[in-house]
Amino acid sequence: MTVIKPSRAIAALSLVAALGLAGCASDTAEKPAEGSAKPAPSQEQEAPATTLTVWVDAERVDAVQGAADAYEEKTGVAVDIVGKDTGDIKDDFIQQVPTGEGPDIAMGAHDWLGELTTNGVVAPLELGDSAANYMDVAINAATYDGTVYMLPYAVENIAVLRNKALVADAPASYDEMIQAGKDAGLERPFVVEQGVEGNPYHLYPFQTAFGAPVFGVSDGGYDATDLQIGNEGGEKFAAWLGEQGAAGNLNTDIDGDIAKQAFLDGDAAFWLTGPWNVGVAVDAGIDVAIDPVPSPTGEVAAPFAGVKGFFLSSESENKVAATDFLVNFLGTEEAQLDLFEAGNVLPALSAAAETASADPIIGGFAAVGENAVPMPAVPAMGAVWEYWGIAEAEIINGADPAERWQKLTSDVEAAIG
Amino acid sequence: MSSTETERISTDPRRARKQERARGIAEQAGGSLGGLIAKLIALGIVDAIAVYAVIVLASFAEWGVLAVVAAVAILVNWIYFSRRALPAKYLAPGVIFLAVFQIFVLLYTGYIGFTNYGTGHNGSKDQAVAALLNSSLERVPDSPAYPVTVVENAGELGLLVTTPDGEALVGTAEDPLAAANATFDGDKAVSADGWTSLQFADVLARQNEITDLSVAFSDDPADGRLSTPDGSSAYRYTSTLEYEGDTLTDTATGVVYHDIGTGAFTADDGTEILPGWKVAVGVDNFVRAVTDERLAKPLVYVTAWTFAFAFLTVALTFAIGLFLAITFNHKRMRGKKIYRSLLILPYAIPSFLSALVWAGMMNQSFGFINQVLFGGAEIPWLTDPWLAKVSVLIVNIWLGFPYMFLVCTGALQSIPDELQEAATVDGANAWQTFRRIKLPLLLVSIAPLLISSFAFNFNNFNVVYMLTNGGPRDSSAPIPVGHTDILISMVYKIAFTGQTRDYGLASAYTIIIFVIVAIISIIAFRRTKSLEELN
């Protein structure tokens, strides 16, 4: 034992020293190598080591990668595309930007803008003259309080998917739609995603047909102080909801999956949903047509438009490169079409939208989208979502429409304060 | 140990073999060569990571964290090379993990509870001011986009601007635009006498300076200032906010906003402009947590239900688990292994997944339970206030009984058969044996698990959130709370409503709930101590 001890200690020390030194050595060896390697090409190509970090929805990494590679080739600015789960991007962005660890650019939806600006994590984005090249709804959505904060790349809205094999022609009104389905021998001709707590997003087209938007509109966008939801049209809409619930046309037990299954099985001829569900219907071999939302009143039933885009971090150290990449690169028709092919959602750039609309399905959604209004991004909307769905669900399930709708209005007013 | 002793003992071959094995174990514990090498490699990896972390931290100038990492690394090395620190060798890894994953998290949560961290109070004051000033910039109406070249003279940056008339103007942060003698490439002025033009690469190298650069368009402030977001076009902006001497002034309305220490600029009439910044707010969050009027009514029934939910879950899962454990522990039972494996299945499926599946099965019109088991009955499993509570309990018991079954089986098998035989000889019937002998012995080892199970279920967010999301909603309450909400899910709804994330308030609630659970656990542990005297 006593003989082994010193040798052990020596072995230990030398091993640790060796490992430690190896660690240091590799670090110190790498660092100058990196340092010397990077300026070298920069002197040749005159490109400094600028790297843009971009968070994108994991499903769209490939689509953005094309534009990123092209940008790197042209300017020497490396663009690091990081695929992230869509659900995590917003909260991670809000939490990480102030620490300086956030990305330069993040992909997201326009209705995050209220939250992002309240937290001061997005920088205004100057689209310059190129703003005129985008669809109006996209620019409206990208504007918050009079300032543009987002480079839009896609516009999404819901529409009615019709199974052509069951009903050949587009119905002109809501009642005609139900009748056409019943004539085709269907018990439940029309499905729309609801759920125990309702789903006001999907019912909004009907609500607008009764003339009851959520907020009034002023110059800078939606006016949170002008709550319109409880107006006369709102009460009529509530009464209509009650009737439809009693007739069984609307059912809060139908969630997204049940609605999908009913349409795929041919049990329902009409499905009010978004472009994200078209793929599954086409794959199931259904001959799908895209119809406008049939109105219950004769007024236009306008859905919400959701606009997807890219935000610039307020703490980015690379704002010039990031702005250049967004406005002058992702704003090109080519990049917008690449993104379109990855997601099959209508591009926000008018020229790209026209090209994409050659596809009857995309064109169908685009036609419905002409009437669409951007979903309000004001923080007060959060309070509206909180009470809106449950009120609709209770009315569908037999609560007194007028009374319940008034309670919704007062709850929302109290919550907005 | 002396060799003579070993030889003497080795006369008994069985003892000798045991002795041999013990020596082998002792040898390994003492450190064979292989053990030593493994130890050195492990420590080497730890040290290499520590050295790397120190280098990275030094580059970010995080000296505090660096000191902690270095101290821990040195301590770990000392512990594993010292001959005197034997207990520490066993304790060190656990203590380090405890510190990182428990104590740090607790302290950090506590710290957040005393700040206003949340939506609108997210970063530092400087960041808030910068964000406010940035978003207050407005394009001068109908002003064109100016093609621009960034130029430099003796380190000072300037903008070389081409007007729509084809005029070349140059200006800096101090000097407004003035005519320049420029060279044109097409319609755009690309260089000017006395100035060096920056190439795109140079622009990128000085991005922050260029982003901050704004050049007065003329001597009249109303004409606005030019700045270039992308280095190739400049735009004219006027600002509606002015920051001077720690006050913000809205130049359009004349309202002055002061920093009054609440973490946001506030006007005299109390209106705040956001973003604000993170500040310590003392016990405000705790005061709000307990005095929120909107909570007064829901808090009572939510608390009652939380206790009922946690208690019934523990009681029923234990009862079922114990019953099954006794049944499957019976000697005459056949195919025990298969039954036991099947029973553990619910435990093996992630709880949020099973909760979602159950939610589907309990759907009123389309669910498996109503459609198939009840032949199309419309039982409102998840939408009736009372039935929803029962449903949540059923699902949670289904999820929880395999755990109780497992621990009870283990504990039962550790009770010696002699006790059972002795009791039978003494004339005790099966129930008496169970009630008077087995159950008290079981509780000695199971009681602490029951307490921790209670604490776990008290905060069992997954099941409630995934199965009913707290619903059905209590539409008479002023907050979006439901009939199956437990405290933690209610807190989630209050602190994170809609677009508002109030981490400070959420942390305060968390600490309050932690205190409740801790008190219950301490009392319960005290009482179960008396059980241990049985042994």
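What follows is calculated from the coordinates using simple rules that are stated; it is not laboratory data. Values in this document were obtained by computation on a predicted structure and should not be read as measured data. Here the Cβ is made from the backbone with ideal geometry for all residues, glycine too, and neighbour counts use every protein chain on show.
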Out-of-range pairs (alpha-carbon distance over 28 Å; input A:182/A:236; A:90/B:493; B:337/B:389; A:84/B:493; A:182/A:308; A:182/A:260): B:337/B:389; A:182/A:308
Packing-based order for A:327-337, B:63-73, using average beta carbon neighbours within 10 Å, highest first: A:327-337, B:63-73
FRET efficiency estimate (nearest 0.05) - Cβ-Cβ, residue B:41 to residue B:82, R0 25 angstrom: 0.85
Burial ranking of peptide ranges B:448-455, B:239-246 (average Cβ count within 10 Å, highest at the top): B:448-455, B:239-246
Using alpha-carbon coordinates, inclination of helix B:104-113 to the longest axis of chain B, degrees: 50
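Let me confirm one metric for peptide B:40-48, namely the mean number of other chain beta-carbon atoms within 10 Å of its residues' beta-carbons.
Average per residue, whole number: 5.
What is the protein assembly as shown by shape, rounded, prolate or oblate, if you read a ≥ b ≥ c off the alpha carbon gyration tensor as root eigenvalues and call it rounded for a/c under 1.5, prolate for a/b larger than b/c, and oblate otherwise?
Here the protein assembly as shown falls in the oblate category.
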Radius 11 Å from Cβ of residue A:351, net charge of other residues (Lys, Arg +1; Asp, Glu -1): -3
24 Å Cα-Cα reach of residue B:188 towards lysines, excluding residues that sit fewer than 8 places from it in its own chain: A:74, A:319
Crossing angle, helix A:86-96 versus chain A [Cα axis fit, 0-90 degrees, rounded to tens]: 50
Nearest-0.05 FRET efficiency for residue A:344 and residue B:240, computed from C-beta distance (R0 25 Å): 0.05
Inter-chain shielding of B:100-110 (mean C-beta neighbours from other protein chains, 10 Å cut-off): 0
Among A:131, A:247, A:154, residue whose mean-square fluctuation peaks in a GNM of chain A (springs only between Cα atoms under 10 Å): A:247
Point-to-point label distance, residue B:430-residue A:51, nm (Cα→Cβ direction, 7 Å offset): 6.9
Packing-based order for A:228-238, A:112-122, using average beta carbon neighbours within 10 Å, highest first: A:112-122, A:228-238
Estimated FRET transfer efficiency when R0 is 45 angstrom, pair residue A:132-residue B:49 (beta carbons, to 0.05): 0.25
Stretchable slack from residue B:387 to residue B:178, in nm (0.36 nm times residue separation minus alpha-carbon distance): 67.4 nm
Contour excess over end-to-end distance, with Cα ends at residue B:331 and residue B:247 and 0.36 nm allotted per residue: 22.1 nm
Three-way shape call for region B:31-87 based on the alpha-carbon gyration tensor, with the a/c threshold at 1.5: oblate
Rel. contact order, % - alpha carbon contacts under 8 angstrom, at least six apart, region B:252-310: 18
Surrounding net charge for residue A:327, when Lys and Arg each add one and Asp and Glu each subtract one, Cβ distance under 11 Å: -4
Environment charge at residue B:422 (Cβ cut-off 14 Å; Lys +1, Arg +1, Asp -1, Glu -1): -2
Acute angle (nearest 10 degrees) that the helix A:360-369 long axis makes with the longest principal axis of chain A, alpha-carbon atoms: 80
Cβ neighbours within 10 Å from other chains - mean over B:117-124: 5
Potential extension, residue B:290-residue B:202 segment - 0.36 nm per residue separation minus Cα distance: 26.0 nm
16 Å reach of a label modelled at residue B:456, 7 Å along Cα-to-Cβ, counting backbone N of region B:346-360: B:346-355
Top positive-direction residue, dipole computed over chain B with Cβ charges, set B:256, B:376, B:172: B:376
Virtual spin-label span in nm between residue A:257 and residue B:519, 7 Å along Cα→Cβ: 4.2
Label-point separation, residue B:153 to residue A:317 (7 Å along Cα→Cβ), nm: 3.1
Chain B, relative contact order in percent, only Cα pairs under 8 angstrom and at least six apart counted: 14
Bins of 5 Å, starting at 0 and running to the largest distance - Cα pair percent for region A:237-394: 1, 7, 12, 15, 17, 17, 12, 9, 5, 3, 1, 0
Cα lying deepest toward the dipole's positive end in region A:310-417, options A:395, A:364, A:351, charges on Cβ: A:395
